[in-house]
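Here the structure comes first, spelled out in structure tokens, and everything after it is commentary.
The values are calculated or read from the model by the stated rules, or taken from the named source; none is laboratory data. What you see is a predicted model; the values in this text were computed from it and never measured. Note that we place each Cβ from the backbone using ideal geometry, even for glycine, and neighbour counts take in every protein chain shown. Each accessible area value is taken on the protein alone, full model and side chains, heavy atoms only, with ligands, DNA and RNA left out. Shrake-Rupley method; radii C 1.70, N 1.55, O 1.52, S 1.80 Å.
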Amino acid sequence: MLIYHTSDWHLGRMLYGRSLLPDQEHFLSRVFLPEMERERPAAVIIAGDIYDRQVAGLEAIELFDQALQRLSELGIKVFAISGNHDGAGRMAIMKSALRKSGVYMATTLAEALEPITLTEGGESVQLSLLPYSSPAELRDFLGDESLRGETACMEAVLARIKSRLDPGMPHILVAHCFAAGASVCDSESVFVGGSGQVSPGVFEGFDYVALGHLHGPQRAGDNARYSGSPLKYSVSESGQHKCFLRLELTGGAIDCRETAVTPLRDVRRIKGAFEELMSGSSEDYVELELTDTDPVLLAAERLRPRYPNLLAVTNDWTIRAAGERAGRLSGRDEQAVFAAFMKDICGLEAGEPDLELFRDTWKEVQL
């Protein structure tokens, strides 16, 4: 039996004010769905954060609807849970009707206690769908206010889930959480310190745990895997490879392999001197880091024609110079700071007309 594991589509995501919907549509229509058409798996697992906002935009909803429709036409079942970015209540609309088309959407904790048996080609597996829930929600559901921390709450709800499982077949858990020891990046919402982390040991007893929430594909303990997001959603992810996971069940054993994703546009951080960068070009989403030792005026405006999807320009000189200027200007008056700015940034000596204009303007803003 063949099953695919993916997560964190974040449909409707923006990157530095740019909509990533064209990139997400390319992933679904040119990468993911063609793979499903070739392989015809029994099921697709989506481990949360289907949308980027709890109130998803119309175009994002339409894109997900198109993906579900195509998977249904191919006879592929879908097992999805709501993540912390999803609006669970809104995702619950029509989920009972969707089950008739083979789409199982879990948005409540009660549904996690109802394992679903999937059978194909002489292989059977039970899936438990655990949507994202806060510790407070888990305590309320379990009726146990003594539980404290993510690990204790998760361990308690998983004990309930395991008690409902058939010991005669393999078990897959689908969950959306932050497993301790996993690596994170800027685009992920995680708690400070270890308060939001779940010990991977709580997943003992499941043959495979399909996780969502973290955007880098990685292991979490012995039996859990993050598929990661299919696209890069911040510059901090520029060094990550992106994929979705192919699970093959044979005789109760599960073999997991990555399927690489080639995006419409990559997200990259490029470092070099201004003239060097001006000799190149790219359609990717790029953050450019200048290595020039002298200031470069209007760098972003001059580079943008060659990098139309330019996200930001940083300069090592600016950071160093800012620290040096701060030291030199400490305790000096506003006029001295203005004169230093004219010299350091504009390369000009502030004359008396410039200083007089500055003094008049400074008086106005102080009123």
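Of all the listed residues (ARG38, ARG99), the sole one being more than 20 Å from the chain's Cα centre (by Cα) and within 23 Å of LEU173 (Cα to Cα) is ARG99.
When the residues of segment 261-286 are filtered to those that are out of contact with any Phe, Trp or Tyr (no Cβ under 9 Å at 6 or more places or on another chain) and not in a loop (DSSP other than H, G, I, E, B), the one that is nearest to SER234 (Cα to Cα) is ARG269. Just checking, does segment 46-55 include any residue being more than 16 Å from ARG90 (Cα to Cα) and modelled with pLDDT of 95 or more? Yes: segment 46-55 contains one or more residues that are more than 16 Å from ARG90 (Cα to Cα) and modelled with pLDDT of 95 or more. Residues in segment 83-98 that are modelled with pLDDT of 90 or more and either outside any loop (DSSP other than H, G, I, E, B) or open to solvent by 20 Å² or more (accessible area, probe 1.4 Å) (or both): ASN84, HIS85.
If you go through segment 99-142 and keep only what is in a loop (DSSP other than H, G, I, E, B) and either open to solvent by less than 70 Å² (accessible area, probe 1.4 Å) or in contact with a strand residue (DSSP E or B) (Cβ under 6 Å, 6 or more places away or on another chain) (or both), you end up with SER101, GLY102, THR107, THR108, LEU113, PRO115, LEU130, PRO131, TYR132, SER133, SER134. Filter segment 251-277 down to residues that are in contact with a strand residue (DSSP E or B) (Cβ under 7 Å, 6 or more places away or on another chain) and open to solvent by 70 Å² or more (accessible area, probe 1.4 Å) and give me whichever is farthest from ALA300 (Cα to Cα). The residue in question is ARG257. So, in segment 4-50, of the ones that are open to solvent by 20 Å² or more (accessible area, probe 1.4 Å) and assigned to a strand (DSSP E or B), which residue ends up nearest to ASP86 (Cα to Cα)? Restricting to residues being open to solvent by 20 Å² or more (accessible area, probe 1.4 Å) and assigned to a strand (DSSP E or B), the top hit is MET14. Of the residues screened, VAL313 is not one that is modelled with pLDDT of 95 or more, farther than 30 Å from VAL125 by Cβ, open to solvent by less than 60 Å² (accessible area, probe 1.4 Å) and in a strand (DSSP E or B). For residues that are surrounded by 18 or more Cβ atoms within 10 Å (Cβ to Cβ) and over 29 Å from the mean Cα position of the chain (by Cα), scanning just segment 278-302, find the one that is modelled with the highest pLDDT. Per the stated criteria, the residue is ALA299. Determine, yes or no, whether ARG139 is among the basic types (Lys, Arg), more than 15 Å from ILE45 (Cα to Cα) and modelled with pLDDT of 90 or more. Spelling it out, ARG139 is indeed among the basic types (Lys, Arg), more than 15 Å from ILE45 (Cα to Cα) and modelled with pLDDT of 90 or more.
Taken together, the criteria place LEU147 among residues that are closer than 25 Å to LEU214 by Cβ, aliphatic (A, V, I, L, M) and either open to solvent by 30 Å² or more (accessible area, probe 1.4 Å) or at pLDDT below 90 (or both).
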